[in-house]
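**Q** Let me begin by handing over the structure; questions about it come next.
The values are calculated or read from the model by the stated rules, or taken from the named source; none is laboratory data. Note that the structure is predicted; figures quoted are calculated from it, not measured. So basically every Cβ, Gly included, is an ideal-geometry build from the backbone, and we count neighbours across all protein chains shown.
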Amino acid sequence: MAARPERVGGVQDGIRVTDAFARGPAILFWAQVLGNAGLFVALVVVARALGPGGRGTIAFIAVTAILSARVTRLGVSDAAIVFAAQRPHLRPSLLTNLVLSVTVAAVVAAAAVSAVLLAVPSWRPSGIGDAELAILALGILASALVDAGYSFVLGCSRFGLHAVITVTTAWLYALTVAAVWATLGLTVARAALIWVAVQGVKALVLLWSSARTSGVGRPDWVLLRESIGFGIRAWVGSLSDALNDRVDQILLAFIATEATLGVYAVAVNAWEILLYLPGAAATAVLPSVARADRTLRVEQVLKAFRSVALVTLAGLAVAAFAGPPLLVLVFGAPFEASVGPFLWLLPGALGYVALGIFSSALVGSSSPGRSSFGPLVSLVLGIVLDLVLIPSFGAEGAAVAASAALLAGGATALALYRARTSFALGALVRPRPGDLDVLKAIAGLLSRRLRLRRA
């Protein structure tokens with residue numbers, strides 16, 4: 001393994017470590033806020049144009065595409081984040097290896113999924129015809145390349161590029177969907193094709209920019225084997241994370257109806273607003289921990305957890321009060337049934353905070369095997385509870401299962417990180433100087449943006 005980047009007096013590779021831990025999550029937070037605002041607009045358009053059944057079909061296509069791409073990547077993307085952060089001189093070959101491996105894997109996955117759904121038509125939701133199946137296959141390839149592009153960009157700590165692409169493509173999707181609805185009329189096939197096309201644009205820009213910045217090297221098979229060896233230990237966890245996010249929706253499609261899935265998908269879309277900051281923090285923690293001096297890692301990870309958990313608790317209180325009426329107001333009366341699942345999902349946000357931050361911290365601390373246990377516990381418990389609760393309680397059963405699974409997974413990730421680093425439990429809640437650095441960075445970015453607009 002390459003030598004650790006040189007660090008002197010709290011400065012590493014020209015970047016203050018404390019600033020990196022604060023600024024990275026702040027940039028990604030605002031990207032998620034602005035980007036998900038665009039996605040939310042698109043989802044409202046799709047829900048109102050296609051109803052619960054059509055919304056459920058779109059959810060099935062997107063979820064299946066993303067999961068299929070994640071299943072076959074074998075952790076190479078996870079390894080790319082860590083290796084690109086620690087070994088800048090290998091970035092050209094890392095990028096080439098990454099693109100080649102995920103492309104081959106995605107093509108295999110697309111062929112396998114298409115073959116299965118063609119061979120067993122009864123496994124397909126009623127809204128999935130031949131056209132939608134072809135779009136799904138393209139979506140698997142596009143999703144895999146997007147994942148590769150984002151992973152490499154994060155490994156290089158290019159949070160600004162990550163943010164710009166996230167926001168721009170989200171609003172491109174929203175505006176395109178709205179324009180098609182207003183002119184040609186929106187169908188399931190058209191909405192799904194727009195989503196795939198935007199994914200393709202996103203992948204192209206991310207990979208093109210990475211190639212321009214880092215260069216493109218020869219394939220390095222030794223490095224690829226090392227990446228797979230490292231990544232496959234983290235792959236179980238990252239795959240479990242992806243399944244945790246999506247598998248309940250797939251099970252709903254098979255066990256219940258597409259309309260039930262549409263109701264649940266809207267509840268999840270609203271609940272995910274609470275996950276913007278935890279998701280941003282977990283994403284930024286991984287490359288930052290990988291680059292940080294050992295003596296600073298634990299302090300910074302705990303600081304991230306305390307600040308993010310505090311904001312999430314405040315968000316839960318607001319969501320419990322304002323969420324139910326806003327859901328009906330925004331999505332319409334057909335989605336009134338989304339209120340119950342939304343409320344049951346709320347406690348799971350705290351589990352998501354612990355699961356995301358401590359699992360990422362374990363990967364960044366060169367413990368990819370341990371990082372998989374929290375997501376895996378969450379996945380197994382979630383599937384078991386889904387199978388028990390969905391037949392009787394539908395979307396509300398899926399929400400209860402999701403919350404319980406996230407809380408269990410978060411507790412597991414926390415316990416494993418503590419076993420590795422031996423910090424006192426009180427450090428999780430005891431305020432320390434600098435705990436608000438992430439929030440100050442978030443406010444500072446907003447303040448600078450407002451000043452620029454006034455100028």
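**Q** Pairs, please: C-beta under 7 Å, at least 6 apart or cross-chain, first residue within 17 Å of ALA192 (Cβ to Cβ) and among the β-branched types (Val, Ile, Thr) and in the stretch 26-48, second surrounded by fewer than 18 Cβ atoms within 10 Å (Cβ to Cβ) and modelled with pLDDT of 85 or more?
**A** VAL45/ALA178
**Q** Same structure again: Look at the stretch 4-45 and say how many of its residues are assigned to a helix (DSSP H, G or I) and modelled with pLDDT under 80. Outline the logic, then answer.
**A** Going residue by residue through the stretch 4-45, those that are assigned to a helix (DSSP H, G or I) are 17-45.
In the following step, the residues that additionally are modelled with pLDDT under 80 were identified as 17-33, 36.
So the count comes out to 18.
**Q** Answer with yes or no whether SER122 is surrounded by fewer than 22 Cβ atoms within 10 Å (Cβ to Cβ), at pLDDT below 85, polar (S, T, N, Q) and assigned to a helix (DSSP H, G or I). Outline the logic, then answer.
**A** Working: surrounded by fewer than 22 Cβ atoms within 10 Å (Cβ to Cβ): yes; at pLDDT below 85: yes; polar (S, T, N, Q): yes; assigned to a helix (DSSP H, G or I): yes.
So SER122 passes the test.
**Q** Also: Would you confirm, using the coordinates I've provided, whether GLU396 is charged (D, E, K, R), in contact with a Gly (Cβ under 7 Å, 6 or more places away or on another chain) and farther than 30 Å from ALA79 by Cβ? Working first, answer last.
**A** Numbers: charged (D, E, K, R): yes; in contact with a Gly (Cβ under 7 Å, 6 or more places away or on another chain): yes; farther than 30 Å from ALA79 by Cβ: yes.
Yes; evaluated as a whole, the condition is true for this residue.
**Q** Exactly one of these conditions fails for VAL328: (1) over 30 Å from ALA49 (Cβ atoms); (2) over 17 Å from the mean Cα position of the chain (by Cα); (3) hydrophobic (A, V, I, L, M, F, W, C). Give me its number.
**A** If we test VAL328 against (1) over 30 Å from ALA49 (Cβ atoms); (2) over 17 Å from the mean Cα position of the chain (by Cα); (3) hydrophobic (A, V, I, L, M, F, W, C), just (1) comes out false.
**Q** Here are ALA415, ALA395: which of them is in a helix (DSSP H, G or I) and farther than 20 Å from VAL301 by Cβ? Steps first, answer last, please.
**A** Working: ALA415 fails: farther than 20 Å from VAL301 by Cβ.
Criteria check complete, one pass: ALA395.
**Q** Next up: Out of the residues in the stretch 143-155 meeting the condition of being over 11 Å from THR103 (Cβ atoms) and among the hydrophobic types (A, V, I, L, M, F, W, C), tell me which one is modelled with the lowest pLDDT.
**A** Keep residues of the stretch 143-155 that are over 11 Å from THR103 (Cβ atoms), which gives 143, 146-147, 149-155.
Still in the running and among the hydrophobic types (A, V, I, L, M, F, W, C): 146, 152-154.
Working: VAL146: 94, PHE152: 92, VAL153: 90, LEU154: 84.
Within the stretch 143-155, the match that is modelled with the lowest pLDDT is LEU154.
**Q** Further question: Do any helices (runs of 4 or more DSSP H) entirely within the stretch 130-244 hold 3 or more residues that are within 25 Å of SER367 (Cα to Cα), and if so, which? Full working, then the answer.
**A** Details: elements: 130-155, 159-183, 188-214.
The qualifying helices (runs of 4 or more DSSP H) are 130-155.
**Q** Which condition breaks for VAL102 when tested against (1) out of contact with any Asp or Glu (no Cβ under 8 Å at 6 or more places or on another chain); (2) assigned to a helix (DSSP H, G or I); (3) crowded, with 20+ Cβ neighbours inside 10 Å?
**A** Unmet for VAL102, out of (1) out of contact with any Asp or Glu (no Cβ under 8 Å at 6 or more places or on another chain); (2) assigned to a helix (DSSP H, G or I); (3) crowded, with 20+ Cβ neighbours inside 10 Å: (1).
**Q** So, one more: Cβ-Cβ under 8 Å, sequence separation 6+ or interchain: first residue in the stretch 379-393 and hydroxyl-bearing (Ser, Thr, Tyr), partner in a helix (DSSP H, G or I). Which pairs?
**A** Between residues of the stretch 379-393 that are hydroxyl-bearing (Ser, Thr, Tyr) and residues that are in a helix (DSSP H, G or I), there is no close pair.
**Q** Right, something else. Filter the stretch 338-353 down to the residues that are of a type in the set (Phe, Trp, Tyr) and either farther than 23 Å from LEU302 by Cα or not in a helix (DSSP H, G or I) (or both) and list them by number. Can you show your working first?
**A** Step one: filter the stretch 338-353 for residues of a type in the set (Phe, Trp, Tyr), giving 342, 344, 352.
Once the filter is applied, which keeps residues that are of a type in the set (Phe, Trp, Tyr) and either farther than 23 Å from LEU302 by Cα or not in a helix (DSSP H, G or I) (or both), the stretch 338-353 yields PHE342, TRP344.
**Q** A further question follows. From the list LEU406, LEU362, which one is in contact with a Lys or Arg (Cβ under 8 Å, 6 or more places away or on another chain) and buried (at least 22 other Cβ atoms within 10 Å of the Cβ)? Steps first, please.
**A** Numbers: LEU406 fails: in contact with a Lys or Arg (Cβ under 8 Å, 6 or more places away or on another chain).
Among LEU406, LEU362, only LEU362 is in contact with a Lys or Arg (Cβ under 8 Å, 6 or more places away or on another chain) and buried (at least 22 other Cβ atoms within 10 Å of the Cβ).
Yes/no per residue for (1) more than 30 Å from VAL82 (Cβ to Cβ); (2) more than 16 Å from the chain's Cα centre (by Cα):
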| residue | (1), (2) |
| --- | --- |
| VAL120 | yes, yes |
| ASP130 | yes, yes |
| GLY160 | no, yes |
| THR169 | no, no |
| ALA178 | yes, yes |
| GLY185 | yes, yes |
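**Q** Can you tell me which residues in the stretch 78-109 are in contact (Cβ under 8 Å) with a residue 60 or more places away in the chain and among the hydroxyl-bearing types (Ser, Thr, Tyr)?
**A** Listed by number, the residues that qualify are SER93, THR96, SER101.
**Q** While we're here: Can you report the number of residues in the stretch 46-99 which are within 30 Å of THR257 (Cβ to Cβ) and not in a helix (DSSP H, G or I)?
**A** In the first step, residues of the stretch 46-99 are kept if they are within 30 Å of THR257 (Cβ to Cβ); the result is 46-72.
When the remaining residues are screened for being not in a helix (DSSP H, G or I), the result is 72.
Of the residues in the stretch 46-99, 1 are within 30 Å of THR257 (Cβ to Cβ) and not in a helix (DSSP H, G or I).
**Q** So, one more: Can you tell me which of SER359, SER403 is polar (S, T, N, Q), closer than 30 Å to ARG233 by Cβ, at pLDDT 90 or above and in a helix (DSSP H, G or I)? Spell out the reasoning first.
**A** Numbers: SER359 fails: at pLDDT 90 or above.
Only one candidate passes the filter, namely SER403.
Conditions (1) crowded, with 23+ Cβ neighbours inside 10 Å; (2) modelled with pLDDT of 90 or more, marked per residue:
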{"residue": "ARG73", "(1), (2)": "yes, no"}
{"residue": "ILE81", "(1), (2)": "yes, no"}
{"residue": "LEU95", "(1), (2)": "yes, yes"}
{"residue": "VAL107", "(1), (2)": "no, yes"}
{"residue": "ALA111", "(1), (2)": "no, yes"}
{"residue": "LEU141", "(1), (2)": "yes, yes"}
{"residue": "LEU161", "(1), (2)": "no, no"}
{"residue": "ALA170", "(1), (2)": "yes, yes"}
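**Q** Additional query: Mind checking which residues of the stretch 188-220 are in contact (Cβ under 8 Å) with a residue 24 or more places away in the chain and more than 22 Å from the chain's Cα centre (by Cα)?
**A** VAL188, ALA189, ALA211, THR213, SER214, GLY215, VAL216, GLY217, ARG218, PRO219, ASP220, listed by residue number.
**Q** For the structure I just gave you, tell me whether LEU251 is buried (at least 18 other Cβ atoms within 10 Å of the Cβ), more than 19 Å from the chain's Cα centre (by Cα) and modelled with pLDDT of 75 or more.
**A** Details: buried (at least 18 other Cβ atoms within 10 Å of the Cβ): yes; more than 19 Å from the chain's Cα centre (by Cα): yes; modelled with pLDDT of 75 or more: yes.
Spelling it out, LEU251 is indeed buried (at least 18 other Cβ atoms within 10 Å of the Cβ), more than 19 Å from the chain's Cα centre (by Cα) and modelled with pLDDT of 75 or more.
**Q** Would you be able to tell me the number of residues in the stretch 177-188 that are buried (at least 18 other Cβ atoms within 10 Å of the Cβ) and either of a type in the set (S, T, N, Q) or closer than 21 Å to LEU136 by Cβ (or both)?
**A** Narrowing the stretch 177-188 to residues buried (at least 18 other Cβ atoms within 10 Å of the Cβ): 177, 180-181, 186, 188.
Narrowing the set further to residues that are either of a type in the set (S, T, N, Q) or closer than 21 Å to LEU136 by Cβ (or both) leaves 177, 180, 186, 188.
So the answer is 4.
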